[in-house]
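Written out below as structure tokens is the structure these notes cover.
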Amino acid sequence: MKNLLFLLESGSLLPYNSSKLLHSKVLFMVLIITILIGCTPSAPTPETGPTQTAVIAGETATEVPAAIAAQVKSTIVPFRFVVPTPGAEPVTGWRPPLYPVPWAVSAYDHFYFARPIGADNVNWPLAEYRYGGVFFANVVHTGVDIDANEGTEILAAGPGTVISADWGLYTEVPGNTSDPYGQAVVIHHDFGYKGQALYTVYAHMSEIIAVVGQHVETGDVLGLVGDTGATTGPHLHFEVRLGDKTFYRTYNPELWMAPPQGWGVLVGRITDDKGDLLRQYPVDVRPMPSGVPLRKVLTYAMGAANGDPYYQENLVLSDLPEGLYKINFDYKEKKQQFWVNIYPGQITYFTFTDKDGFQIALPPVPTLDFLPRTATPTRTPKPK
Ligand SMILES: [Zn+2]
């Protein structure tokens, strides 16, 4: 039982996947999947609205019912690999230089990180394996994957202290060579966000160069791209964790990595007639007139994917050149469409609800729970 709790709190696996990859260590992953299926409901699920931001700061305990523990011991479910819908995002060979970090145009933006792969390589997330996707069984992807050749240098996304550099990140068993993260490094950053600690995770390294306790600056080499852990092909799995370094506190790295200059990010919150987030909903994003190919994106799946404390989104599409885009998807057998502008270095935020359809709006201001824990001057009431 103790071990199980350990597993649950240490994070799930990043189901690695890529069209050219198949998983190894299937048994181990099946165990993890089983755990996740059993325990997902007790995980923090900030998906019911902005008031849920308290979850980020909260001390949500993860209880494991005895029945689930027993199930984990005795059940081996058939392994099922679901091939993801092929993404339509093309790989172009060039993007402008990134905005300097930290980059934040609005008060709650937080493009605090540089990209963990240098600009002389592909350094943007694989379209098919975005944050919040489900690529097999019920395991939600808790990071982004950046395609890179074995041996490519992996760079610190921001300054901080290396707090883990070994096999065994997931299982918390140092040196465990069957850990799904493979050889991985975790940085505890020098800065946080709204009073909460920030961490980044770099997984599947062929070689770790950083050492625990080392202070690194943005761009310092942490290790080399590899295919250790639950993958059979080289790539970097990159995560951002906020408030706590566990798996349940991951957030979409596409909201944390600075965009290329002149490019922006589309963020959306799409809900149904009950106000619930639409899950794994296919959405097309088409540039107008055209110059950039059609992008297809799925909204987050149910499970370990968290909406941003501020945006509470279930869709993010980064690296969009500025310009006009048409968003469309089918809802209740009707084609829904809407046009949005993407601005350089900014987030364009939209919502879709059953009642109001599409709206462009600023997200609601975070609740008090999410504000920094510092004394804020308040207006002194005027004596009457
Ligand atoms: Zn991954």
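Read-outs: derived from the displayed coordinates by stated rules, not from any lab. Because the structure is predicted, anything quoted here is derived from the model rather than measured. Here Cβ is always computed from backbone atoms with ideal geometry, including for glycine, and neighbour counts include all displayed protein chains.
The table for this structure:
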read-out: Nonlocal amide H pairs with Leu222, under 5 Å, H built at 1.01 Å; value: Ile154, Leu155, Ala156
read-out: Order of Glu333, Glu322 under a 10 Å beta carbon neighbour criterion, fewest first; value: Glu333, Glu322
read-out: ³J(HN,Hα), Karplus 6.51/-1.76/1.60, whole Hz, each residue of segment 259-269, x for Gly, Pro; value: x, x, 4, x, 10, x, 10, 9, 10, x, 10
read-out: Amide hydrogen neighbours beyond the local backbone of Gln336, cut-off 5 Å, H modeled; value: Phe329, Asp330, Tyr331
read-out: Other-chain or far-sequence residues with amide H under 5 Å of Phe111's (modelled H); value: Trp103
read-out: Local electrostatic count at Gln337 - Lys and Arg +1, Asp and Glu -1, tallied over other residues with Cβ under 11 Å; value: +2
read-out: For segment 263-368, Kirkwood radius (reciprocal of mean inverse C-alpha pair distance, Å); value: 14.1 Å
read-out: Packing-based exposure ordering (other Cβ within 10 Å, fewest first) of Thr299, Thr348, Thr161; value: Thr161, Thr348, Thr299
read-out: Per-residue HN-Hα couplings for segment 165-173 [Karplus 6.51, -1.76, 1.60; θ = phi - 60°; Hz; x = Gly/Pro]; value: 7, 5, 6, x, 4, 6, 7, 6, 10
read-out: Aspartates and glutamates whose Cα lies under 18 Å from that of Lys334, excluding same-chain neighbours fewer than 8 positions away; value: Asp272, Asp273, Asp284, Asp354, Asp356
read-out: Fewest-first ranking of Asp145, Asp308, using other Cβ atoms within 10 Å as the exposure measure; value: Asp308, Asp145
read-out: Listed peptides 258-266, 120-128 by packing density, highest first (mean Cβ within 10 Å); value: 258-266, 120-128
